[in-house]
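S.K.: Quick one: this structure, given as structure tokens, is what I'll be asking you about.
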Amino acid sequence: MNVLLPRSTTDALAMLADRPDAVPVAGGTDVLVHWPSRIAEHERTYLDLSALAELRPLTWTNDALVLGALTTYWDVIGDERAGAEFPLLVRAARQVGAIQIQSRGTWAGNVINASPAADGVPVLMAYDATVVLESVAGRAEVPLDRFYTDYKKMKRRPDQLVVAIRMPRRRYDVQLFEKVGQRRAQAIAKVGLAVTRSDGKWRVVAASMAPTIRRCPAVERLLTAGTPVNESEDLESTIAHDVTPIDDVRSTAEYRRRVMARLLSHGLRGVAFA
Ligand SMILES: Cc1cc2nc3c(=O)[nH]c(=O)nc-3n(C[C@H](O)[C@H](O)[C@H](O)COP(=O)(O)OP(=O)(O)OC[C@H]3O[C@@H](n4cnc5c(N)ncnc54)[C@H](O)[C@@H]3O)c2cc1C
């Protein structure tokens, strides 16, 4: 096993330009989970980001919250302003693993691991997050809702690092995050849902319902049209336009569609529609 130890982001980008096959490691909670079984991976080269202190803080600007590439769930849980302005981040962070994982796991690692069942990605997407990528060739910014192209495939070149995740600061009058799993803690989502509304614009994001976490434009249109979802008899068929859940070890497609419809209609009960 070969580990590269950059001392700065510039160092890290130069190393990655030289060795684009190197695997970046932030908290390591995804990278190392298969370590005992995937012996071939022991031969790979790893880029340890953990010493890059400049990538750790979350920062506030006039119009955005910017998470660093090494910002952890615990950092967000501990930030009072995040709790006030982006409460879904805190709600999702508290449901990731347990405290040990929350204090090592990063939001950027969650994005790049690209699990369709991730908990961080849906809330970032519901807040219109942008992924900020950097390489020696320069910076690129990709809206998170256009970042994934297929299962575990995304618009990141091997020589690029995520250096930040940026969310615009807005007023929200609807903010909802639900995770349905086998139990309340240490569970992988059978169905995940994040919903926001700001200035009349809905974002409905589904997890564990498709090969990638994704927005649900048909459901968003239904809501924008002012149809209270608990009165929409065909909510499940609208959901079926947006996502294609599968039967797997954790659940069935039919259960997932039904539960997502219930989460939406229960979660949005009492919300005033246009
Ligand atoms: C016991 C346990 C429980 C868990 N529970 C949950 C849960 O409830 N919900 C959930 O969503 N996840 C869960 N996870 C998964 C994991 O903790 C999260 O996905 C976490 O956010 C990963 O962050 P990390 O920093 O540890 O990523 P790492 O393991 O370091 O990296 C993950 C991936 O991202 C890449 N990467 C990391 N940083 C960068 C960067 N800056 N630029 C480019 N690529 C990068 C790595 O190469 C790798 O492909 C759990 C994991 C464990 C072991």
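S.K.: With both partners inside the stretch 1-102, how many of the DSSP beta bridges are antiparallel, as a percent to the nearest 5?
M.R.: Taking every DSSP beta bridge with both residues in the stretch 1-102, the antiparallel ones total about 25 percent.
S.K.: Excluding residues on the same chain fewer than 8 positions from Lys179, give the lysines whose Cα lies under 24 Å from its Cα.
M.R.: Lys152, Lys153, Lys190, Lys201
S.K.: Please give the Cα centre distance for the stretch 242-274 versus the stretch 155-188, rounded to the nearest Å.
M.R.: Each part's Cα centre sits 18 Å from the other's.
S.K.: For Val33, Val162, what ranking results if the residue with the fewest other Cβ atoms within 10 Å of its Cβ goes first?
M.R.: On the way: Val33 11, Val162 25.
The most exposed by this proxy come first: Val33, Val162.
S.K.: May I pose another question? With charges only on Cβ, +1 for K and R and -1 for D and E, what is the dipole size of the stretch 91-228 about its Cα centre, in debye, rounded to 20?
M.R.: Roughly 180 debye, rounded to the nearest 20.
S.K.: How would you rank Thr10, Thr227, Thr61, going from fewest to most other Cβ atoms within 10 Å of each one's own Cβ?
M.R.: In order of increasing Cβ crowding within 10 Å: Thr61, Thr10, Thr227.
S.K.: Only four residue types carry charge here, +1 at the Cβ of Lys and Arg and -1 at the Cβ of Asp and Glu. Report the dipole size of the chain about the Cα centre in Debye, rounded to the nearest 20. Kindly include the intermediate steps, with their values, before the conclusion.
M.R.: On the way: 36 positive and 32 negative charges, 76 e Å.
The dipole magnitude comes to about 360 debye.
S.K.: Relative contact order of the stretch 13-60: what whole-number percent is it, with Cα pairs under 8 angstrom and at least 6 residues apart?
M.R.: Relative contact order, the stretch 13-60: 44 percent.
S.K.: Between Val219, Thr238, Ala189, whose Cα lies farthest towards the positive end of the dipole of the stretch 183-274 when Lys and Arg beta carbons carry +1 and Asp and Glu beta carbons carry -1, centred on the Cα centre?
M.R.: Ala189
S.K.: Would you give the gap between the C-alpha center of the stretch 5-32 and the C-alpha center of the stretch 111-130, rounded to a whole Å?
M.R.: Rounded to whole Å, the Cα centres lie 21 Å apart.
S.K.: The stretch 67-92 to the stretch 213-229: how many Å between their Cα centroids?
M.R.: 26
S.K.: Tell me, what is the percent relative contact order of the stretch 87-231, built from C-alpha pairs under 8 Å that lie six or more residues apart?
M.R.: 25
S.K.: To the nearest 20 debye, what charge dipole does the stretch 1-152 have about its Cα centre, counting +1 at the Cβ of each Lys and Arg and -1 at the Cβ of each Asp and Glu? Don't jump to the answer; show the numbers that get you there.
M.R.: On the way: 12 positive and 19 negative charges, 59 e Å.
Using Cβ point charges on Lys, Arg, Asp and Glu, the stretch 1-152 gives about 280 debye.
S.K.: Also, I was wondering about something else. Using 0.36 nm times the number of residues separating Arg44 and Ala17, minus their current alpha carbon distance, what extension gain do you get?
M.R.: 8.1 nm
S.K.: For the chain, build the charge dipole from Cβ charges (+1 Lys, Arg; -1 Asp, Glu) around the Cα centre, then report which of Gly120, Val204, Phe273 sits farthest towards its positive end.
M.R.: Phe273
S.K.: Could you work out how far apart the two model spin labels at Ala51 and Asp173 are, taking each label as a point 7 Å from the Cα in the direction of the beta carbon, and quote it in nm?
M.R.: Inter-label distance under the simple model: 5.2 nm.
S.K.: At 0.36 nm per residue, minus the direct Cα-Cα distance, what do Asn62 and Asp247 gain on full extension? Give it in nm, one decimal, please.
M.R.: Numbers: separation 185, 0.36 × 185 = 66.60 nm, distance 4.46 nm.
Working it through step by step, the gained length comes to 62.1 nm.
S.K.: Can you compute 3J(HN,Hα) from phi for each residue in the stretch 189-205, using the Karplus curve 6.51 cos²θ - 1.76 cosθ + 1.60 with θ = phi - 60°, rounded to whole Hz and x for Gly and Pro?
M.R.: So the Karplus estimates, Gly and Pro as x, are 5, 7, 8, x, 8, 10, 9, 9, 9, 9, 6, x, 9, 8, 10, 10, 10 Hz.
S.K.: Now a separate question. Please report the projected area of the chain's Cα convex hull averaged over all directions, in nm².
M.R.: Details: hull surface 57.9 nm².
Across all orientations, the chain yields a mean hull projection of 14.5 nm².
S.K.: Here is a follow-up. Exposure proxy check: Met260, Met15 ranked by fewest other beta carbons within 10 Å?
M.R.: Ranked by crowding around the Cβ, least crowded first: Met15, Met260.
S.K.: Moving on to the next point. Quick one: what are the phi-derived ³J(HN,Hα) couplings along the stretch 55-71, Karplus 6.51/-1.76/1.60 with θ = phi - 60°, whole Hz, x for glycine and proline?
M.R.: 8, 7, x, 9, 10, 10, 10, 4, 10, 8, 9, 10, 8, x, 5, 10, 5
Readers should treat all values here as calculations from the given coordinates under stated rules, not as data from a laboratory. Keep in mind that this is a model prediction, so the values were computed, not measured. Don't worry about glycine lacking a Cβ; one is built from the backbone with ideal geometry, like all the others, and counts go over all protein chains shown.
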